[in-house]
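The values are calculated or read from the model by the stated rules, or taken from the named source; none is laboratory data. Just so you know, these numbers come straight off a predicted model, no measurement behind them. FYI the Cβ positions are ideal-geometry reconstructions off the backbone, even for glycines, and counts take in every protein chain you see.
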Amino acid sequence: MNKITVKICMGTTCFVMGASSLQELVDMVPSRYGDKVEVQGVPCLEFCNARTEARAPYVTVDDRVVMNATVEKVIEEIERKLSNG
Amino acid sequence: MDKNNQATHLKKEILIKTIKAFLSDDFPENTRLIPFDMRPKGSEVPYRCCIYKEREILRNRIIATLGFQMEGADERTLLSDYAKKAEQREKPDEHTLTVLESACKGCVPNRIFVTDLCQGCVARPCLENCKFGAISIVNGKSQIDSSKCKNCTKCMQVCPYHAIVKIVVPCENACPVDAISKDEQGHARIDFDKCITCGKCVASCPFGAIHEKSQIIDILSKIKQGRKVVAMVAPSVTGQLPCNIYQLKTGFLKCGFYDVVEVAEGADITAKNEAEEFIERMNHGSKFMTTSCCAGYNNLVDKHLEEIKPYRSDTKTPLYYTAEIVRKKYPDAVSVFVSPCVAKKSEALNSPDIDYVMNFEEMGALFVANKIEVSELEETEFEVEASREGRNYGILGGVSKSVEAASQNKIEIKPHIINGISKETIKELKNYAKKGECENGNLIEVMCCEGGCVGGNDCINTIRTATKTINEFTKNSKPIA
């Protein structure tokens, strides 16, 4: 199975709108899922420009975009990916 | 309430949109349109009864963001006129907080309540244990007579089904000094004579009905008028955005600020003075001293804790010394403190050297509105580099550690930390004042917010991550002595 890649947007907009608290995922995910999931904070993914700051913070789980992302929403998306293989 | 919630998100979104409107070619008109842009025709109605109420509350939030008091405001005034007035205002308003009556739910009063989970049992421990005769059985189930109930919670504790709950009004419950209560209509009202501006009510209201009146438009207007505007950034600013303080300085300069200085520079002076003062006080037989850098604590002492005044350090705050330095260096400049909390706004209102306060959320919104990617900025050096201890002022224990370091082992310092002002810690402080001593230490560091300044009500980052980032950054800073 391919590794799941989680990208947390660390652009200014996402950080201000709540990505700051998503940094918890960086410690939490490896301890929970080991090698199966990789989490990284990345420079601005440009979603705020293409869409709106109202839906920030943005996180991607492989090709899926999580809007108004919270730790719980991201974990839910990871779980869905894992169970669907 | 956790800071990570939709009310906080909404307030930040409004800040960004208001600043964007200011930066646009028609500030009044674009401000007027914000509620319509946020809730366009046919859009979903996420929180209130209808789209019109949604827009009206957004309009009220924008008025507060423009820096106006909502209590007694004329509802006929156009949002565009408020924007014009904000731009022309010369001085910020007196009070720093305002309640939006339209957003306030008018929560049911604090009380003990028997829920439907009551099984109407035979044992009836609630009835047996109530000392005030407030419980009776109606239709086989317990009921509380609120005129007799003293909120002792005994019935809650003894109910085997956990069927009895305590209903709280979040803002009243969060206020450590009983400065917020309901008016005749059931809406929250702040008593500004009692209020210590700690911001706990702002953070606690699930309806986001209590707003800080922003000074951001005043600050941006000064920049637009061509004035020299100098930002003084609090030590706790490190870690609040995804960049270091040198990149942050570049960001402020890009937004039109003339210079940026670290308040940690003033913290170094505070630490040294406070260390000297501490040694002198102890040598004169005093048993303990409290710190004096926290604005919320200073308000508490001045308004409610007369008895602890003799034990509070007379040393000025880091912001005081920094503002003095800035005033000397740039006599004609407008000085702006970049702050983790609302309490510092009250300190600024009483200081001739501090013109405005911008909180961390407003700072973040300013960079977002200006489309500045802070992590990609070049670094700009500070003329004066603050010490490690000064830069640690915003984390819990940082203040007492810096006083310890500045005292250079001339005296034994045993710190005790008051981690957040609450009814309990106020009692604790009163007790120390009464006894004239503190069994837990001789230097009491008082932090109004749990976690220190990084736990301030306007912080963007979490306490844990912000503290970690500050520790990593200051590792390589020079020591104070």
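A few remarks follow.
- Taken together, the residues in segment B:257-280 that are assigned to a helix (DSSP H, G or I) and under 21 Å from B:E378 (Cα atoms) amount to 0.
- For segment B:158-168, the criterion of being within 21 Å of B:T8 (Cβ to Cβ) and not charged (D, E, K, R) is met by at least one residue.
- If the condition is being of a type outside the set (S, T, Y), touching a strand residue (DSSP E or B) at 6+ places or on another chain (Cβ under 9 Å) and within 29 Å of B:T469 (Cα to Cα), then segment B:221-239 contributes B:V229, B:V230, B:A231, B:M232, B:V233, B:A234, B:P235, B:V237.
- Some residue of segment B:102-125 being of a type outside the set (A, V, I, L, M, F, W, C), in a strand (DSSP E or B) and exposed (fewer than 14 other Cβ atoms within 10 Å of the Cβ): no
- Members of segment B:449-465 that are within 13 Å of chain A (Cβ to nearest Cβ) and under 21 Å from B:V357 (Cα atoms): B:V454, B:D458, B:C459, B:I460, B:N461
- Condition check for B:G441: outside any helix (DSSP H, G or I), at pLDDT 95 or above and over 24 Å from B:E277 (Cα atoms): no
- Helices (runs of 4 or more DSSP H) contained entirely in segment B:293-406, each with at least 3 residues that are over 30 Å from B:C438 (Cα atoms): B:318-329, B:343-349, B:360-369
- Among the candidates B:G390, B:G394, B:G364, residue that is within 14 Å of chain A (Cβ to nearest Cβ), of a type outside the set (A, V, I, L, M), touching a residue at least 60 places away in the same chain (Cβ under 8 Å) and crowded, with 21+ Cβ neighbours inside 10 Å: B:G364
- The set of residues from segment B:36-54 being closer than 17 Å to B:M70 by Cα and either buried (at least 17 other Cβ atoms within 10 Å of the Cβ) or touching a residue at least 60 places away in the same chain (Cβ under 8 Å) (or both) comprises just one member, B:E54.
- Within segment B:154-177, tally of residues that are part of a loop (DSSP other than H, G, I, E, B) and surrounded by 12 or more Cβ atoms within 10 Å (Cβ to Cβ): 7
- Segment B:1-54 - residue that is among the basic types (K, R) and under 26 Å from the mean Cα position of the chain (by Cα) and, of those, nearest to the other protein chains (Cβ to nearest Cβ): B:K12
- Of all the criteria given as (1) within 14 Å of chain A (Cβ to nearest Cβ); (2) touching a residue at least 60 places away in the same chain (Cβ under 8 Å), the one not satisfied by B:K371 is (2).
- Residues being within 14 Å of chain B (Cβ to nearest Cβ) and out of contact with any Gly (no Cβ under 8 Å at 6 or more places or on another chain) - total across segment A:20-40: 8
- When residues of segment B:72-92 are limited to those that are surrounded by fewer than 14 Cβ atoms within 10 Å (Cβ to Cβ) and closer than 21 Å to B:L349 by Cβ, the one nearest to the chain's Cα centre (by Cα): B:K91
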